[in-house]
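Written below as structure tokens is the structure these notes are about.
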Amino acid sequence: MFKKHVLSAAAAMVVGAALSAPAAAQVSINGGVQARLGSISRSGDTAPKYDNTVTGVDGLWFLFFNATKDLKGGYNAGFSCNTVATTVDGANGGFTAEALPVRHDWDGFFAGKDNYSQSQGGFSSYGNSLGDSTGPMCNDEVSGYLQTPFGKFAAGHIMNPMRLLYDGFTVNPVWGNQRGYYMVADVRGNALRYSNSFGPVNIELQLNTASDAKANSDASNHDKAYTAVVTYEPISGTVFGLGAMDLKGDTNAKYVTAATPNKHSAWGASAKTRVGPINIGYTFTTGKNEPEENFAAKFGQDFIKDTDHTFKVSYDMGQWNFQGFFSQEKFVASTGQYGGFFHDTRAGSTIPAFGQLNIKRQNVDLWALYDMGKDVKTYLRFNTINKKFTSPDQALYSASMRSTKFEGGWFINF
């Protein structure tokens, strides 16, 4: 019911804006809904009583509202509002904090938690990928922009452009498989972005800042993230991408660190091409946190480091579309006693102070989609994720957990 009220209110707002807008203005709205029925099975070294199967109905919906004004002479002004209501994607849903074989007193991010959704189920819970939960409208992105002959300038609450390395190369039908981005570069908040194209080359430059006047002298030069993403398309359908981010402080408290000065950095690369009916894509991202300038020198290792490789292959056959994804991720947390210890939920023991947790994650995601026409598709999906947890501080410590989801459903876009 709440979803219907939001959609009705948004539609009324758009219609009203369109009727009152001057002739030079254009207003558009588009959205979609995905419904899915499936079951998630957990197995392996889960927390006690969580080697189970859960069946349910969930899904997502999105509503994008855009308005532009033609200012003549190559200038345009515009506004964008993206609203998304979603539940956790695929087999990720099985990795709730309660089910993990290892826990940490900090957020589940540091114990390898996959499921960041605000609720564990349902249909239209607002997505909460560490910051994506402000709503009910424009909870995903909101910005105003000015297009000029010299490029596009945008300001607002804007996703980090490192996401483009996944969106344009290895994203699945529900914008999933962006694990690397969420782990190493998902900085959201107040931002200024500059975009421009030079023939086959496109650039995206973004500055994120906390814009907090309460910052004291020690922190006033921190809480900024600088990001640059460049894509190059030498021939149609073949694209290469490269991106890098440097963050001092933390603009939205996602990359928690133990002491100041702190630093987070990330970079990534992507490529895709098409061979007949087959599309091939690849994305690589890596990032790390450093809570102190001399942490690595002191302990001989990075504080937090994550590396992700994601491959995509898709094949078109008439009204059928087949998509397959494989990703390999290695996550190393040397947080030690900062924020508490790591806990083995099976044995009830604690990994020693300054302990290190290593997680290897493998993801296989297979889709078969059928186009019914009129922007409606049905699909079947198999998704399985396996994680292996180890620690060099406890040679005998090892845990493997698997989450597998079978689901079917449909997409409707309008």
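Annotations for the structure displayed:
- Residue check for Asp45: without any contact (Cβ under 8 Å) to a residue 12 or more places away in the chain and either closer than 25 Å to Met137 by Cβ or open to solvent by 50 Å² or more (accessible area, probe 1.4 Å) (or both): no
- Subset of the stretch 176-208 (residues that are open to solvent by 10 Å² or more (accessible area, probe 1.4 Å), without any contact (Cβ under 8 Å) to a residue 24 or more places away in the chain and in a loop (DSSP other than H, G, I, E, B)): Gly199
- Where Tyr182 falls short, out of the listed (1) within 10 Å of the chain's Cα centre (by Cα); (2) at pLDDT 95 or above; (3) among the aromatic types (Phe, Trp, Tyr): (2)
- The number of residues in the stretch 385-405 being touching a helix residue (DSSP H, G or I) at 6+ places or on another chain (Cβ under 7 Å) and of a type outside the set (Lys, Arg) comes to 3.
- Screening the stretch 303-414 for strands (runs of 3 or more DSSP E) wholly inside it with 1 or more residues that are of a type in the set (Val, Ile, Thr) and surrounded by 15 or more Cβ atoms within 10 Å (Cβ to Cβ) returns the ranges 304-317, 320-333, 357-373, 376-390, 398-413.
- Cβ-Cβ under 7 Å pairs, at least 6 apart or on other chains, the stretch 300-321 side more than 30 Å from Gly339 (Cα to Cα) and among the aliphatic types (A, V, I, L, M), far side open to solvent by 70 Å² or more (accessible area, probe 1.4 Å) and part of a strand (DSSP E or B): Val313/Ile280
- Close pairs (7 angstrom Cβ cut-off, 6 or more residues apart or separate chains): more than 16 Å from Gly94 (Cα to Cα) and free of Cβ contacts under 8 Å to residues at least 40 places away in the same chain in the stretch 370-389, open to solvent by less than 30 Å² (accessible area, probe 1.4 Å) and of a type in the set (Gly, Ala, Ser) anywhere: Leu380/Ala368; Leu380/Gly408
- Within the stretch 73-106, the residues that satisfy the criterion of being part of a strand (DSSP E or B) and aromatic (Phe, Trp, Tyr) are Tyr75, Phe79.
The values are calculated or read from the model by the stated rules, or taken from the named source; none is laboratory data. Treat the numbers as computed from the prediction; the structure is a model and nothing was measured. Cβ atoms come from the backbone with ideal geometry, glycine included; neighbour counts cover every protein chain shown. With ligands, DNA and RNA removed, areas are computed over all heavy atoms of the protein, side chains included. Shrake-Rupley method; radii C 1.70, N 1.55, O 1.52, S 1.80 Å.
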